[in-house]
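Read through the structure below, which is laid out as structure tokens, and then see the notes.
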Amino acid sequence: MNNSQREIITATVPILREHGVALTTHFYKRMFSHHPDLKNIFNMGNQKTGKQQQALAMAVLAYAEHIANPGVLLPELHRIGHKHVSLEIRPEHYPIVGNHLIASIKEVLGEAASLEILEAWEIAYNQLADLMMGIEAGIYKDQTNKKGGWTGWRPFRVKEKVKESDEITSFYLYPCDGENVISHIPGQFISLRVFLPDLGLNQARQYSVSSVPNEHYYRISVKKEFNPNLNINGMISNFLHDHIQTGDLVDLTAPIGNFTLEPKKGVPITFISGGVGVTPLISMLQSLSFDKPSQPLTWVHPCRNQTVHAFKEDVKSMAENNPDLSQHIFYDALTEKDEKDGVLQGPLDLNKIEAFPKESQYYICGPAGFIAQQHKELIAKGVPGDAISFEEFGPQLLNLN
């Protein structure tokens, strides 16, 4: 790409800010009309809510803004690469996406899409595609080379279902071939694929691995949705709750993701989870407890009441056996027994926690609004941004660092 073409891409930034979501919405409709089979790969729940269109628009805008030095986007591109690999995105998909993206630019912008703009964006897209394919090739190779490793979809059998709360059930998944699996890094996720008869489609959703790393099985802990107007993500979770029984088969891709536990020797660690965001963090906490950590650990978890409090006894047992682990639980609805047990009145307020650690590594997971609020409060307490790691389920829309 030459300087003139970079200038053209930069000049389209204001247009992308104003029309980016319209462009990506048109793009997905166009691509799926020509390639309906791709609906089996893409998350149609995120399509319906508009989250995927918004996330893609933000990514395209960021790429245009940094077209002179796309290397600054490498951390974000690696995060996207992990998601792509989890869904078995391969090099042959990139020309399809590129063709429909360029056509969508022409159709949405109309006369404003000059030949020079279209040529510049075609070169820019191919540059980005080459970068992404290189990143993903490295991830695929790494997945294959690990002990127990594989790429693509692998059949697993549900060996056990365990109710963790009134809403969350754990599924213990063992490979059908009886061979080893990759020992995941705490915080990573797997993609699980099922066929949804109501849609006539295979659909995949990412679930954090909630077990301690091992070479034999994965545990995922899934929240049942009670909203009568389910989105497709909720349909997948409820399909697991209502229709998948012990002995049934599901397809998984290998564990992946870069929201991972990276403890620093002697540095305290604080976990702040909201809702089903507890799942990657319980894997982190149990892994640390299993390894007998030398640093102080703090566990913070709010929920509505004790009936929906998943992993309550697990954390309680770890705290009883580790004097360096303190837990702070918040319930929206408190009973007298809860108060006697030290449960605090919700919603979560970090200022209510006595001796809250201000020098720590922080891991946050939960709904987007929850993450944003806790991140804001930590920054207000003087915590540096690079000490805070967070995971937003679904397409990444938060930009907090």
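Observations on the structure shown:
- Filtered residues of segment 178-232 (kept if hydroxyl-bearing (S, T, Y), assigned to a loop (DSSP other than H, G, I, E, B) and within 25 Å of R79 (Cβ to Cβ)): S183, S210, S211
- Matching strands (runs of 3 or more DSSP E) fully within segment 296-401 where at least 2 residues are within 30 Å of G50 (Cβ to Cβ) and touching a helix residue (DSSP H, G or I) at 6+ places or on another chain (Cβ under 6 Å): 361-366, 388-392
- Against the list (1) under 20 Å from F393 (Cβ atoms); (2) in contact with a Pro (Cβ under 7 Å, 6 or more places away or on another chain); (3) not polar (S, T, N, Q), the condition F330 fails is (1).
- Of the residues making up segment 216-231, none is buried (at least 18 other Cβ atoms within 10 Å of the Cβ), β-branched (V, I, T), in contact with a strand residue (DSSP E or B) (Cβ under 8 Å, 6 or more places away or on another chain) and more than 21 Å from V278 (Cα to Cα).
- Annotation note: of G346, G266, G342, the sole residue that is free of Cβ contacts under 8 Å to residues at least 40 places away in the same chain and over 21 Å from G187 (Cβ atoms) is G342.
- Residues satisfying the stated conditions in segment 273-288, i.e. among the hydrophobic types (A, V, I, L, M, F, W, C) and either within 16 Å of the chain's Cα centre (by Cα) or surrounded by fewer than 24 Cβ atoms within 10 Å (Cβ to Cβ) (or both): V276, V278, L281, I282, M284, L288
- Only one of A68, A137, A124, A62 that is touching a Lys or Arg at 6+ places or on another chain (Cβ under 8 Å), outside the structural domain of E225 (by TED's automatic domain parsing) and aliphatic (A, V, I, L, M): A68
- So I182, is it modelled with pLDDT of 95 or more, surrounded by 14 or more Cβ atoms within 10 Å (Cβ to Cβ), out of contact with any Gly (no Cβ under 6 Å at 6 or more places or on another chain) and not aromatic (F, W, Y): no
- Restricting segment 289-302 to residues that are in contact (Cβ under 8 Å) with a residue 40 or more places away in the chain and surrounded by 15 or more Cβ atoms within 10 Å (Cβ to Cβ), the residue that is farthest from V209 (Cα to Cα): P296
- Checking segment 154-166 against the condition returns a match, with at least one residue being buried (at least 16 other Cβ atoms within 10 Å of the Cβ), of a type in the set (A, V, I, L, M), outside any helix (DSSP H, G or I) and at pLDDT 95 or above.
- Members of segment 307-325 found to be touching a residue at least 24 places away in the same chain (Cβ under 8 Å), more than 16 Å from I168 (Cβ to Cβ) and surrounded by fewer than 18 Cβ atoms within 10 Å (Cβ to Cβ), listed by number: N321, N322, D324
- Tallying residues that are among the hydrophobic types (A, V, I, L, M, F, W, C), assigned to a loop (DSSP other than H, G, I, E, B) and within 23 Å of S86 (Cβ to Cβ) within segment 237-282 yields 4.
- The lone criterion from (1) modelled with pLDDT of 90 or more; (2) more than 15 Å from H100 (Cα to Cα); (3) surrounded by fewer than 16 Cβ atoms within 10 Å (Cβ to Cβ) left unmet by I41 is number (3).
- Filter result for E339 (of a type in the set (D, E) and over 20 Å from the mean Cα position of the chain (by Cα)): yes
- On inspection, S360 passes the criterion of being among the polar types (S, T, N, Q), under 17 Å from L281 (Cα atoms) and in contact (Cβ under 8 Å) with a residue 60 or more places away in the chain.
- Any chance I139 is over 30 Å from P175 (Cβ atoms) and surrounded by 16 or more Cβ atoms within 10 Å (Cβ to Cβ): no
- Among residues of segment 232-270 being of a type in the set (A, V, I, L, M, F, W, C) and surrounded by fewer than 17 Cβ atoms within 10 Å (Cβ to Cβ), the one that is modelled with the highest pLDDT is L249.
- Test: K83 is basic (K, R), modelled with pLDDT of 95 or more and surrounded by 16 or more Cβ atoms within 10 Å (Cβ to Cβ): no
The values are calculated or read from the model by the stated rules, or taken from the named source; none is laboratory data. The structure presented is a predicted model; accordingly, all values stated were derived computationally and were not measured. No Cβ is skipped: glycine too gets one built from the backbone with ideal geometry, and neighbour counts run over all protein chains shown.
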